[in-house]
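Q: Before we start, here is the structure in question, set down as structure tokens.
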Amino acid sequence: MPSERWKISVGGIVQGVGFRPFVYRQALAHGLAGFVANTSEGVAIEAQGQARQLEDFLVALRKEAPPLAQVGKIRFAPIPLSQDDGFVLHHSVASGPVSTLISPDVAVCEACLAEFFDPADRRFRYPFINCTNCGPRYTIVQRIPYDRPHTTMRGFTMCAACQREYDDPSNRRFHAQPNCCPDCGPQLRLVAMDGRRVAERDEALSEAVRRLAAGEIVAVKGIGGFHLAVDATNGQAVSRLRQRKGREAKPLAVMVPHLFAARRICRLELLEEQALTSQARPIVLAAKKEGHGLAEEVAPGYDQFGLMLPYAPLHFLLLQEGVVRALVMTSGNRSEEPICIENNEAVQRLSGIADCFLLHDRDIHLPCDDSVVGLQAGMIRQIRRSRGFAPKPIGLAETGGMVLGVGAELKNTVCLLKGDQAFCSQHIGDLKNLEGYRVFQQSIGQLGALFEISPTLIVHDLHPQYLSTRWAQEQSVPTLAVQHHHAHLAACLAENHQDGPAIGIILDGTGYGPDQTIWGGEVLLGDARGYQRFSTLESLPLPGGDAAVQAPWRIALSYLHAAYGTDLPDLPFMEAHECGVILTMVQKRVNSPLTSSCGRLFDAVAAMSGGRQIIQYEAQGAIELMQVAGDRLDEEGFPCEVYAENDMLKISVRSLIRAVAQAVQAGMAQSEISRRFHAGLVAVFARVVEEARRREKINTVVLSGGVFQNRLLLEGLGASLERAGFQVLLHKELPCNDGCISLGQAVIGRAALKKR
Ligand code: ZN
Ligand code: ZN
Ligand code: FE
């Protein structure tokens, strides 16, 4: 049979993940000659052999690819035969535009773990063990191409043994950029509060474990930043952490040594177990189990724990000693600031919180919080997309110009579009503090550099005062302002590869509207090209603006005033408060901006029905209101009127509030009130959407906005709309909260470029 020679190019995540050695082994296995090399486009192969073998080889390239590789497009074409000396593995051929992808950080792999726990191995208990199948990537790479001198491992020179592995194509560590060992790599040290060195290497580790067992708070440097760790079974210790961190009640994430331990603490569905053990190792929100054995202080008043499994080798050491069964592992920051990444910075910023610091000398280039996911509407969905996921691109249906979306003010992410891919950053967080703003700028620079994207358009929020808006306007690139809820709609469409138009039910806390009121309970019609506000919750005064968000009783009072005027019903919650001041404020409209926010409606109903009067963390009132409802909605909801006004359908918040007030006066249990309230919302939005379909002949509905983290509402409304024959689109790769705004902005920007 005559031979053929094929030129093959492979795109996708194929660099720094052991792909070339894999190609090399496959070529040998299929009896092919030729070569493989990294190029700026991915991996280039020339292979020569019989046609049948070449075909099998191509199939194997996709099917057998190493675990971290994500094989994108494979192109091939026959070329003239040539003389080869077997199959050769070449180094990088660097030139031209770079389109190969940097992988997210990945949990330590099974093969490395086996060595890690093997007393005979030279990396026995070495916390920085890694290979081409695992280890840090996104958080240590400083620029491209992804080579050791371009990472924070630059300062460590490989010893002879490590270098041999690095150079050997048959080795698992061939070109593993962070490759190292106890002789040549980073080391641990334990440092006291005042910066004094207490212990080093393995001794630092055992001392840290001893201190954790004694109830101390240890700041632990991990992959994407510092954690504050404390024994999760020690209530006093957890309370102390809460006090010092200024975090009264918000649930804290817990790390347990293995899946069996997780099963003792939570009732886990199969999908949740898969998420827990996945390479990304996110925090998984799952239902608490009776007799879980953790301190109540970990997640007080919450029916779920945020669980995760160890992902850095160091975590295994902290937990597998068996001394501590479960560790609270919460982001090493002061509330709402980004996670600490530098040793000195951590000792400074976390002093007064941590009793000691478990440090190491592998620098973290970019902060990356733990990701958070949860099982909702039949799928594991993102709540905070960060370490382990970013910067993995999200595939788009279409290609277009390079555009940057700078995201929302809170839960900020940024997103760069290039070709048919969207590169969404890790969770950056709150842009109201300077640290957050610094990481925001750094992340834009990093993503742009890694993927060689220089945007021709920057898209920002409509709000003129946001730091992100001002940053965008300082750049020498054209800008576009986009309404927050329009971005929600466009993001969900883009993730689902849908063009629209769609009916978007967008329910959240806050978004600046073009009418300068605060939006947040919207039914929009449209797509990336534009939108129309079809329906909205009534806009009611928010006494004190942001201050009211912290004090839901004020909102309850304001909404009752809107519903009843001065003739307020007498409800038990009012007794505890100075109602007169707030009522005067709303009557005179002093510092009381109007809002159609659905989040605020939840707050009001929670406060009226005896729930949270003052919240300790975001959405606490709404979350607790959902929890008391139990697992299912009653058939009958509170009645909610809808009326036409200014070419819009207005959903009468006032009629809902009156129904809730009557129920409270009639002595209805809060659980029942909650179910009827949820059911009422489902019914009224289903009705409005039905009307939109009748008028506009649109059958696709998008559900987006942070309120949809409420699983009762998401699942209840989703099911109701599907029964009515709608195509219902939900977020799949990005959170429904403001973490998706940057993608929505960017795709709207792209649509605008196309129009021009
Ligand atoms: Zn490994
Ligand atoms: Zn070494
Ligand atoms: Fe939002």
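The values are calculated or read from the model by the stated rules, or taken from the named source; none is laboratory data. All values derive from a computational prediction rather than experimental measurement. Because the Cβ atoms are built from the backbone with ideal geometry, glycine has one as well, and the counts that use them run over all protein chains shown.
Q: Between a residue in the stretch 107-121 that is within 16 Å of CYS180 (Cα to Cα) and any residue that is within 9 Å of ligand 1 (Cβ to nearest atom) and basic (Lys, Arg), which pairs come within a Cβ distance under 8 Å, given they are 6 or more apart or on different chains?
A: The qualifying pairs are ALA111/ARG172.
Q: Then there's this: Return only the number of the condition from (1) outside any strand (DSSP E or B); (2) more than 10 Å from ligand 2 (Cβ to nearest atom); (3) under 16 Å from ASP363 (Cβ atoms) that CYS180 does not satisfy.
A: That leaves (2) as the condition not met.
Q: Please list, ordered by residue number, the strands (runs of 3 or more DSSP E) wholly in the stretch 441-544 having 3 or more residues that are modelled with pLDDT of 95 or more, within 16 Å of ligand 3 (Cβ to nearest atom) and within 28 Å of PRO104 (Cα to Cα).
A: In the stretch 441-544, 457-461 are the strands (runs of 3 or more DSSP E) which contain 3 or more residues that are modelled with pLDDT of 95 or more, within 16 Å of ligand 3 (Cβ to nearest atom) and within 28 Å of PRO104 (Cα to Cα).
Q: State which residue is farthest from ligand 3 (Cβ to nearest atom) when the search covers only the stretch 182-212 and only residues that are farther than 21 Å from LEU350 by Cβ and either of a type in the set (Asp, Glu) or surrounded by fewer than 18 Cβ atoms within 10 Å (Cβ to Cβ) (or both).
A: My answer is ASP183.
Q: Could I ask something else about it? Name the residue, out of GLN498, GLN532, GLN516, that is closer than 23 Å to ALA422 by Cβ and either among the small types (Gly, Ala, Ser) or away from ligand 1 (no atom under 16 Å from the Cβ) (or both).
A: Values: GLN532 fails: closer than 23 Å to ALA422 by Cβ; GLN516 fails: closer than 23 Å to ALA422 by Cβ.
That would be GLN498, the only listed residue that is closer than 23 Å to ALA422 by Cβ and either among the small types (Gly, Ala, Ser) or away from ligand 1 (no atom under 16 Å from the Cβ) (or both).
Q: Applying the selection to the stretch 617-651, what residues are out of contact with any Lys or Arg (no Cβ under 7 Å at 6 or more places or on another chain) and over 27 Å from LEU524 (Cα atoms)?
A: Selection gives GLN627, VAL628, GLY630, ASP631, ARG632.
Q: Take residues that are among the small types (Gly, Ala, Ser) and tell me which of the strands (runs of 3 or more DSSP E) falling wholly in the stretch 339-404 contain 1 or more.
A: 372-376
Q: Here is a further query. Looking for something aromatic (Phe, Trp, Tyr) and more than 14 Å from ligand 1 (Cβ to nearest atom) - is there at least one such residue anywhere in the stretch 125-137?
A: no
Q: Would you call PRO149 modelled with pLDDT under 95 and not assigned by TED's automatic domain parsing to the domain that holds ALA449?
A: Against the criterion (modelled with pLDDT under 95 and not assigned by TED's automatic domain parsing to the domain that holds ALA449), PRO149 qualifies.
Q: On the basis of being of a type outside the set (Gly, Ala, Ser), farther than 21 Å from LEU317 by Cα and assigned to a helix (DSSP H, G or I), does LEU276 make the cut?
A: Spelling it out, it is not the case that LEU276 is of a type outside the set (Gly, Ala, Ser), farther than 21 Å from LEU317 by Cα and assigned to a helix (DSSP H, G or I).
Q: Of all residues being in contact with a Gly (Cβ under 7 Å, 6 or more places away or on another chain) and not polar (S, T, N, Q) in the stretch 218-248, which is farthest from ILE364 (Cα to Cα)? Just the residue, please.
A: Step one: of the stretch 218-248, the residues in contact with a Gly (Cβ under 7 Å, 6 or more places away or on another chain) are 219, 225-228, 231, 233-234, 236-237, 244.
Filter once more, so that each one left must be not polar (S, T, N, Q): 219, 225-228, 231, 237, 244.
Values: ALA219: 15, GLY225: 7, PHE226: 10, HIS227: 13, LEU228: 17, ASP231: 25, ALA237: 28, ARG244: 25 Å.
Filtering the stretch 218-248 for residues that are in contact with a Gly (Cβ under 7 Å, 6 or more places away or on another chain) and not polar (S, T, N, Q), the one farthest from ILE364 (Cα to Cα) comes out as ALA237.
Q: State yes or no: is LYS432 within 16 Å of ligand 3 (Cβ to nearest atom), surrounded by fewer than 21 Cβ atoms within 10 Å (Cβ to Cβ) and in a loop (DSSP other than H, G, I, E, B)?
A: yes
Q: Within the bounds of the stretch 379-397, is there any residue that is within 30 Å of ARG197 (Cβ to Cβ), in contact with a His (Cβ under 7 Å, 6 or more places away or on another chain) and modelled with pLDDT of 95 or more? Spell out the reasoning first.
A: From the stretch 379-397, those within 30 Å of ARG197 (Cβ to Cβ) are 387; that's our starting set.
Right, trim to in contact with a His (Cβ under 7 Å, 6 or more places away or on another chain) and you get none.
No, the stretch 379-397 contains no residue that is within 30 Å of ARG197 (Cβ to Cβ), in contact with a His (Cβ under 7 Å, 6 or more places away or on another chain) and modelled with pLDDT of 95 or more.
Q: What residue, of ARG189, ARG172, ARG154, is away from ligand 2 (no atom under 13 Å from the Cβ), under 16 Å from TYR126 (Cβ atoms) and assigned to a loop (DSSP other than H, G, I, E, B)?
A: Only one candidate passes the filter, namely ARG172.
Q: Quick one: which of GLY744, GLY716, GLY749, GLY725 is touching a residue at least 12 places away in the same chain (Cβ under 8 Å), small (Gly, Ala, Ser) and within 16 Å of ligand 3 (Cβ to nearest atom)?
A: Exactly one residue qualifies, and that residue is GLY744.
Q: Taking the stretch 108-124 as the region of interest, how many residues are in contact with a Pro (Cβ under 8 Å, 6 or more places away or on another chain) and within 10 Å of ligand 1 (Cβ to nearest atom)?
A: Qualifying residue count for the region: 5.
Q: Could we say that LEU753 is at pLDDT 95 or above, buried (at least 22 other Cβ atoms within 10 Å of the Cβ), not aromatic (Phe, Trp, Tyr) and not assigned by TED's automatic domain parsing to the domain that holds ALA422 here?
A: no
Q: In a helix (DSSP H, G or I) and out of contact with any strand residue (DSSP E or B) (no Cβ under 9 Å at 6 or more places or on another chain): does that describe ARG25? Let's see the steps before the verdict.
A: Numbers: in a helix (DSSP H, G or I): yes; out of contact with any strand residue (DSSP E or B) (no Cβ under 9 Å at 6 or more places or on another chain): yes.
When the stated conditions are applied, ARG25 passes them.
Q: Name the residue, out of ALA199, ALA229, that is closer than 30 Å to VAL141 by Cα, outside any helix (DSSP H, G or I) and without any contact (Cβ under 8 Å) to a residue 40 or more places away in the chain.
A: ALA199
Q: When you look at LEU68, is it part of a helix (DSSP H, G or I), in contact with a helix residue (DSSP H, G or I) (Cβ under 9 Å, 6 or more places away or on another chain) and either among the hydrophobic types (A, V, I, L, M, F, W, C) or crowded, with 16+ Cβ neighbours inside 10 Å (or both), yes or no?
A: For LEU68, the condition - part of a helix (DSSP H, G or I), in contact with a helix residue (DSSP H, G or I) (Cβ under 9 Å, 6 or more places away or on another chain) and either among the hydrophobic types (A, V, I, L, M, F, W, C) or crowded, with 16+ Cβ neighbours inside 10 Å (or both) - is not met.
Q: Going by the structure shown, is GLY306 among the small types (Gly, Ala, Ser) and either modelled with pLDDT under 95 or surrounded by fewer than 20 Cβ atoms within 10 Å (Cβ to Cβ) (or both)?
A: It is false that GLY306 is among the small types (Gly, Ala, Ser) and either modelled with pLDDT under 95 or surrounded by fewer than 20 Cβ atoms within 10 Å (Cβ to Cβ) (or both).
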